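J.: Take a look at the following structure, please.
The values are calculated or read from the model by the stated rules, or taken from the named source; none is laboratory data. Every value quoted in this text rests on a predicted model; they were computed, and no experiment measured them. Here the Cβ is made from the backbone with ideal geometry for all residues, glycine too, and neighbour counts use every protein chain on show.
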Amino acid sequence: MVLLVSTLRAQDPHFSQFFASPLTLNPALTGRIDGNFRLAGNYRNQWPTINNAFTTATVSFDMPILVNRIPENDTWGVGVMGLNDQSGNKILNNNFVSLSTAYHKGLDENGYHQITVGFQGTYASKRLDITRADFEDELTSLGFTGVTSEVFNNSQVGINYFDLNTGIMYSGTTNSYNSFYIGASVYHINRPKESFQGGNFVLNPRLTIHGGGFIPVAKWTTVHGSFIHQRQAGATETVLGGAVSQNVKNDEDSPVELYGGLWYRFNDAIIPYFGLEFSGLRLGVSYDFNTSSLKTASNSRGGMEVSLIYVRVPPDRTDRKTRCPKF
């Protein structure tokens, strides 16, 4: 446990493919899509060699609304997200349900540049499974006895609270073929109380700064890049990297893109990434290779992560294509 504490770089559930989990990254990303709706799912198994230390899964749905009732270059998005995070071999089970909204205001007549403000409300439910836990008084000279004098009532194994998050973002393009963005978000701005023993421990705010973009470098080749920096209660995380995509079908109207890239979490892990995109569907797979001192316990196996994003685009659409944040 001392080893884990000394190397952990974030306190909230997080993804190495942060760019593929929009509603856990920034509420301002809600509805920022080129299509009718977006469905996203993510799964992460972190440090599997340390007895299922952390497993995290999330699914989200967001879409623009009132398309014909607001200015043409504006977008109003709404979204919903569910997240499950299990820690310590499922001893601690966390469930979150979030509703988010964001308004994207066009800054020019072409709609090339937008400024966004987003908000998100979350209902959190956390439960302890005491039957999976071992306590100090169970350990004797003969090993674990399975008998403890610790007593827990219902109020000490479950907590619920409301959480509030917000974010801002600027996104733009110079010619409708490239894209770039930068944003910031603050989660837990109301600092909810989080204690199973009825104490006054509060959840510290998490500040995130992130950005990225993509630019074509050849007719069918595009370079993508992104970064994230997070800080929460003195713990920090910085991830930087990029990927190259190749349109192997050589078709602009119905492309098939292959992705290959690498991200680096400073002082922690190297993260290779591979992806495939076609017909509005993008599948991403990454793996964390530990480079920190934790690699002795994890055998350099940080964890597998899978992401899946589907953006519904009408096959008969006639409007111009919008370049939105992608990585």
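J.: Tally up the residues in segment 215-239 that are more than 16 Å from the chain's Cα centre (by Cα) and either among the acidic types (Asp, Glu) or part of a loop (DSSP other than H, G, I, E, B) (or both), please.
T.: Number satisfying all stated conditions: 4.
J.: Does any residue in segment 95-109 that is farther than 21 Å from His14 by Cβ come within less than 7 Å, Cβ to Cβ, of a residue that is among the β-branched types (Val, Ile, Thr) and crowded, with 17+ Cβ neighbours inside 10 Å six or more places away or on a different chain, and which pairs are these?
T.: Once the first residue is farther than 21 Å from His14 by Cβ and sits in segment 95-109, its partners that are among the β-branched types (Val, Ile, Thr) and crowded, with 17+ Cβ neighbours inside 10 Å give Thr101/Thr30; Tyr103/Thr116; His104/Thr75; His104/Thr116.
J.: Has segment 228-236 got any residue that is out of contact with any strand residue (DSSP E or B) (no Cβ under 9 Å at 6 or more places or on another chain), within 27 Å of Thr75 (Cβ to Cβ), exposed (fewer than 15 other Cβ atoms within 10 Å of the Cβ) and free of Cβ contacts under 8 Å to residues at least 12 places away in the same chain?
T.: No - not one qualifying residue is present in segment 228-236.
J.: Which members of segment 172-201 meet the condition of being in contact with a Pro (Cβ under 7 Å, 6 or more places away or on another chain) and of a type in the set (Val, Ile, Thr)?
T.: Answer for segment 172-201, where residues must be in contact with a Pro (Cβ under 7 Å, 6 or more places away or on another chain) and of a type in the set (Val, Ile, Thr): Val186, Ile189.
J.: Quickly run through segment 202-224 and pick out the residues that are free of Cβ contacts under 8 Å to residues at least 40 places away in the same chain and hydroxyl-bearing (Ser, Thr, Tyr).
T.: Listed by number, the residues that qualify are Thr221, Thr222.
J.: Here's another thing I want to ask about it. Out of all the residues in segment 105-157, which are polar (S, T, N, Q) and at pLDDT below 80?
T.: Result: Thr131, Thr140, Ser141, Thr145, Thr148, Ser149, Asn153, Asn154, Ser155, Gln156.
J.: Which residues, counting only those in segment 9-32, are of a type in the set (D, E, K, R) and surrounded by fewer than 24 Cβ atoms within 10 Å (Cβ to Cβ)?
T.: Arg9, Asp12
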